[in-house]
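The values are calculated or read from the model by the stated rules, or taken from the named source; none is laboratory data. Remember, predicted model here, so these are calculated numbers, not experimental data. Reconstructed Cβ throughout: ideal geometry from the backbone, glycine too, with neighbour counts over all protein chains shown. The accessibility values were calculated without ligands, DNA or RNA, using every heavy atom of the protein model including side chains. Shrake-Rupley method; radii C 1.70, N 1.55, O 1.52, S 1.80 Å.
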Amino acid sequence: MFRAPFWRALAALAVIATSVILTLTTAPRLGLDLRGGTQLVFETKNSPTVQADAESTERAINVLRQRADALGVVDPTLVRSGERRIIVELPGVLDPSQAAEVIGRTAQLAFHPVQGAAEPGDRAAVRDENGAPLKLGPAAITGDGVSDAVEQSDPQRGPGWWVGLEFRDAGAWQRLTGAAACRPQDDPGRRIAIVLDKEVISSPPLDPSVPCEAGIPGGRADITGSFTHEEARDLAVLIKGGALPVPLDLVEQRTVGPTLGAAAVDASAKAAIAGLILTAVFIVAVYRLAGLLSAIALLCYGLISYAALVAMGATFTLPGLAGFVLAIGMAIDANVLVFERAREEYGQAPGRGLRSALDRGFKNAWSAIADSNVTTLIAAGLLFWLASGPVKGFGVTLAVGVLASLVSAMLITRVLAHAVIDRVGPRLSGLGSAGAVRTWLTRRNPQLMKAGKVWLAVAGGLVAVAVAGLAARGLNFGVEFTGGRLVEFATSRPLSADAAGQAVTRAGFPSAVVQASGDGVTVRAGRLGIEEVARIEQALEAQAGEVTKRREEFIGPSLGEELRRNALIALGVAVAMQLTYLAVRFRWTFGAAAVLALVLDVLVVAGMFAWLGKPIDGVFLAAMLTIVGYSVNDKVVVFDRVRELWTARRGEPFAAAVNGAILQTMPRTVNTGLGALFILLALMAFGGDSLRDFAIALVSGIVVGTLSSAFVAGPAAILLARYDRRPAPEPPKPRTPRAREGSGAVV
């Protein structure tokens, strides 16, 4: 009895101590909206084979995005400006010259056989890494033939770094090395020249053990050359990212200020603090001492997840921080599940005591907690592997939040509760009474599923209204999706980001991206004509004196077509995988009903934004992904209880099990939803324009998602059950204790 709690407490202490150390010793990386960063402007040039136009420039942007991600730059901004220019904005304190060199290199990679030493005066000769002239044959393998490249080191092989390569066609590498191995030992033709941008970066000779014509099998090779770690990493980034389709010239490099001013950040911080205080007060009022312990555990959750993100080098943006704060409110879900089950257990057998009820609460809630978190982790993993840009970053943040919430609820809350639960009475503990919501539901026992077809008809009406809004008004896609115009103004007096943003908002463009840097202000917006630019110029003159327009040009979307397509593919695969998991874990009818309700949630929120004309931007995308995660989590909890009740009450109709599960999980749903809504309402009230739409989307999504779990997923599962003739699951068989052999004494 003593051993498990002791090790649990030790593990909790170790996690908290590690998080504190990481928080105090590692500085966070702030995004472009909070800190600014480096702006690089490249211009594409014609090559002998490719014309520099809008299409080739877009392909170059995709390569640059891969390189920026591989360099560890999280959430970079890349947009096409005009036909042939690319604006790259890199948040954080990155060395601008090093970033420009790595990101902008052409990276034409090729593997050549060495035909021998070059004759003096041979103009076709190239010099190897030591300066010796070589005569090379035609390229045998190009950069497209490399499937992976990674920097490596091994103390057993000596100091230094190298780049490990994997080839798509192992036979090509084997033929190249097999031909070279037939040359004599000291012959230069026994070498393989690795050429990057017409420069030999490595030309290692083959080992004497490589047999003639047999070559090196396996499709692997190493590029050696006394690299430092940074040099090896940069080379791997260039090779893995692929070659640019056209050459790039760096035409401008400068430091840019944040897109959000200090006032917006301060307002958002106040909203976060107010929301967290309200959430803590609410959870303590509902669960008393247990609620206080869970509030402490939630603070630890915030510390753990923040430390994990900082240690991973994540870049913090304002919407990301808002989502992080919201995750603290939603992480209360696992605690609420445990406390509600503990209340049920204590109400059924009060004589066993609070500790026993709490232990059974943790045990019985684990199934719902595990299933809901596994489905969320499936989505997070697929978003990370299949998507890119901000969607990929969201997958990382989501996974970290899920794992941290499990540690918070199942480890820290449990350790704190076990330490004090035996020292207080049932009333003070918060677990001795069923709670107002559960008491009312038990007394009234409403038969919600009798009107299942009515609920589905109402849901169908909501979907029709949403689809009508999407068809009639369409979605107001922001500049991140559609592109627009970039206008740069020169000001006679320096202007802060706050003042510039307020001036542009007064001119009628609250969703424009505004940056202030030195004596200039840059405005990016979707619809900027001559009259709109004049209004912005007049508004800026009221703040900064004389204003002149430096340049004005078209920019492409920062969330380009490929990124949007990858995000949709990742989201579709994630939903399909969740459906598969639910079908295996529960039944296919449960999974289909959950996905049907999920589609309703997404359509209703999107339709509402269409009717209101709200902008659809990257912040909205983050909100929708959060809604999907919350909605699936909610429905998994309901269906987990459906399975439990259906198994325990095999003689009752399936509809009765669904109705009972909805009523029993209603207290958890209400309390979890209110915990998140307190934070969101504070963001709506104090967060400013930058976060108000984010909060509106999430409030509507949480409300609709909560209602759809009961009034759409439940009735849909009942209707679909007609097509699944399998009986109710068998109850688990009680374990029979195995007889102990021997005395157990240690001699």
Extreme residue, positive dipole direction of the chain, given options MET624, THR77, ALA507 (C-beta unit charges): MET624
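Based on the Kirkwood radius over alpha-carbon pairs, what is the Stokes-Einstein translational diffusion coefficient of the chain at 25 °C with 0.890 mPa s viscosity, in µm²/s?
83
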Accessible surface of PHE282 - all protein chains present, 1.4 Å probe, nearest 10 Å²: 30
Accessible surface, segment 497-616, averaged per residue in Å² (probe 1.4 Å): 44
Listed residues VAL670, VAL658 arranged by accessible area, highest first, probe 1.4 Å: VAL670, VAL658
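Give, rounded to the nearest 20 debye, the magnitude of the charge dipole that segment 415-476 has about its Cα centre when Lys and Arg contribute +1 at Cβ and Asp and Glu contribute -1 at Cβ.
240
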Accessible solvent surface per residue of segment 354-487, calculated while the other protein chains remain in place, 1.4 angstrom probe, Å²: 46
LEU13-ALA139 FRET efficiency (beta carbon distance; Förster radius 60 Å; 0.05 resolution): 0.55
Listed residues VAL487, LEU34, TRP7: farthest to the positive end of the dipole of the chain (Cβ charges): TRP7
All-pairs alpha carbon distance profile, segment 137-284, 10 Å steps from 0, percent: 9, 27, 24, 10, 11, 10, 7, 2, 0
Using θ = phi - 60° and Karplus 6.51 cos²θ - 1.76 cosθ + 1.60, couplings along segment 427-438 (whole Hz; Gly, Pro as x): 5, 5, 5, x, 9, x, 10, 6, x, 5, 5, 5
Between segment 458-527 and segment 145-173, the Cα center-to-center distance that results, in Å: 46
Largest to smallest accessible area among TRP385, TRP162, TRP7 [probe 1.4 Å]: TRP385, TRP7, TRP162
Segment 140-218 - charge dipole about Cα centre, Lys and Arg +1 at Cβ, Asp and Glu -1, debye rounded to 20: 220
Sites TRP366 and THR26 - FRET efficiency at Förster radius 35 Å, r taken between beta-carbons, to 0.05: 0.60
³J(HN,Hα), Karplus 6.51/-1.76/1.60, whole Hz, each residue of segment 33-44, x for Gly, Pro: 6, 9, 10, x, x, 9, 10, 10, 10, 9, 10, 7
Cβ-isolated cysteines (cut-off 4.7 Å), the chain: CYS300
The chain, dipole about Cα centre (Lys/Arg Cβ +1, Asp/Glu Cβ -1), debye to the nearest 20: 4120
Segment 3-65 and segment 184-249: distance between their alpha carbon centers, rounded to Å: 28
By accessible area with a 1.4 Å probe, ligands and nucleic acids excluded, highest first: order of SER209, SER700: SER209, SER700
Between 0 and 90°, nearest 10: helix 588-612 axis offset from the chain longest Cα axis: 70
Charge tally in the Cβ shell below 14 Å around HIS229, where Lys, Arg are +1 and Asp, Glu are -1, HIS229 excluded: -4
Rounded percent of accessible protein surface that carbon and sulfur make up, the chain, 1.4 Å probe: 60
Amide proton proximity set for GLN115, modelled H, under 5 Å, gap of 5+: LYS135, LEU136, GLY137
Amide hydrogen neighbours beyond the local backbone of GLY215, cut-off 5 Å, H modeled: GLY178
Surface accessible to a 1.4 Å probe, LEU303 within the full protein complex, Å²: 50
Label zone at THR442 (point 7 Å along Cα-to-Cβ), backbone N below 19 Å, segment 340-364: 340-362, 364
Stretchable slack from ARG254 to SER153, in nm (0.36 nm times residue separation minus alpha-carbon distance): 32.9 nm
Solvent accessible area, Å² - ARG587, 1.4 Å probe, full protein context: 20
Potential lengthening between PHE6 and LEU719 on full extension [0.36 nm per residue; Cα-Cα distance subtracted]: 251.8 nm
Förster-model FRET efficiency, 25 Å R0, ARG473 and ALA534, C-beta, rounded to 0.05: 0.35
Charge dipole of the chain about the Cα centre (unit charges at C-beta), most positive-ward option of ALA380, ILE141, LEU109: ALA380
Karplus-derived 3J(HN,Hα), 6.51/-1.76/1.60, for each residue of segment 80-85, Hz, glycine and proline x: 8, 10, x, 7, 10, 10
Separation of the VAL420 and SER226 label points, Cα + 7 Å toward Cβ, nm: 6.4
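Would you mind working out the accessible area per residue for segment 212-257, using a 1.4 Å probe, and quoting it in Å²?
On a per-residue basis, 48 Å².
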